[in-house]
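The values are calculated or read from the model by the stated rules, or taken from the named source; none is laboratory data. On a predicted model such as this, the values are computed, not experimentally measured, just so you know. Reconstructed Cβ throughout: ideal geometry from the backbone, glycine too, with neighbour counts over all protein chains shown.
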Amino acid sequence: MTVQKIKNGIVIDHIRAGTGPRIFNWLKLDSAPFCVALIMNAPSNAMGKKDIIKIDNVLDIDYSVLGFIDPNITVNLVEAEHVVKKIQLSLPAKVENVIRCRNPRCITSSETGIPHSFKLVDRRRAEYACEYCDELYRAGIGDVL
Ligand code: CTP
Ligand code: ZN
């Protein structure tokens with residue numbers, strides 16, 4: 001399948017196959033007024049299959065949330081049809097208001113207006129802990145807020 005190159009914007013590449021739609025939704029691209037593409041199960045030498053998102057528009061995206069959803073992503077910034085920068089994402093040290101603590105006794109469960117804050121405690125296991133009650137959460141499997 002051939003998908004056109006973009007002019008000015010972002011190509012989100014090396015997305016774990018199957019995760020593309022979640023990122024597409026997180027970025028609210030379903031209602032975008034500019035040209036976007038979600039490519040699923042593209043053949044990849046390194047990954048077997050991968051998803052790709054092409055956005056032909058300059059967007060300000062939160063790389064830490066993207067890295068939390070899938071740390072193996074490469075973000076390509078495209079200007080005048082050329083890749084001018086490649087950003088290799090990774091698991092962020094902290095995420096705020098991205099996931100919710102599921103401990104019913106956590107202060108964030110009983111009170112509103114408190115940021116849902118998690119810090120990375122084990123990079124290899126992609127494990128985060130709630131800042132208030134230490135409830136553990138594994139990145140990349142649950143849903144973002
Ligand atoms: N791309 C695009 N429009 C452009 C330039 C690039 O859609 N004007 C896309 C390419 O199709 C590719 C991605 O952006 O999916 C990265 O482009 P490039 O760096 O040229 O490819 P590779 O060298 O294969 O990237 P990598 O080494 O990161 O796998
Ligand atoms: Zn908690």
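Things to note:
- The number of residues in segment 79-113 that are loosely packed, with under 15 Cβ neighbours inside 10 Å and free of Cβ contacts under 8 Å to residues at least 12 places away in the same chain comes to 8.
- Considering only residues in segment 4-20 that are of a type in the set (D, E, K, R) and out of contact with any Lys or Arg (no Cβ under 8 Å at 6 or more places or on another chain), the one that is farthest from ligand 1 (Cβ to nearest atom) turns out to be Lys7.
- Which listed residue, of Val121, Val75, Val98, is in contact with a Phe, Trp or Tyr (Cβ under 8 Å, 6 or more places away or on another chain) and away from ligand 2 (no atom under 16 Å from the Cβ): Val75
- The set of residues in segment 21-55 that are within 12 Å of ligand 1 (Cβ to nearest atom) and not in a strand (DSSP E or B) comprises Cys35, Asn45, Ala46, Met47.
- Filter result (of a type in the set (Asp, Glu), farther than 20 Å from Phe118 by Cα and within 15 Å of ligand 1 (Cβ to nearest atom)) within segment 56-72: Asp56
- Note on segment 89-145: enclosed strands (runs of 3 or more DSSP E) holding 1 or more residues that are within 14 Å of the chain's Cα centre (by Cα) and of a type outside the set (Gly, Ala, Ser) are 94-96.
- Checking every residue in segment 78-92 against the condition of being out of contact with any helix residue (DSSP H, G or I) (no Cβ under 6 Å at 6 or more places or on another chain), more than 16 Å from Leu27 (Cα to Cα) and within 16 Å of ligand 2 (Cβ to nearest atom) gives zero matches.
- So Thr19, is it touching a helix residue (DSSP H, G or I) at 6+ places or on another chain (Cβ under 9 Å) and at pLDDT below 95: yes
- Test: residue in segment 73-80 that is of a type in the set (A, V, I, L, M, F, W, C), within 13 Å of ligand 1 (Cβ to nearest atom) and closer than 26 Å to Arg124 by Cβ: yes
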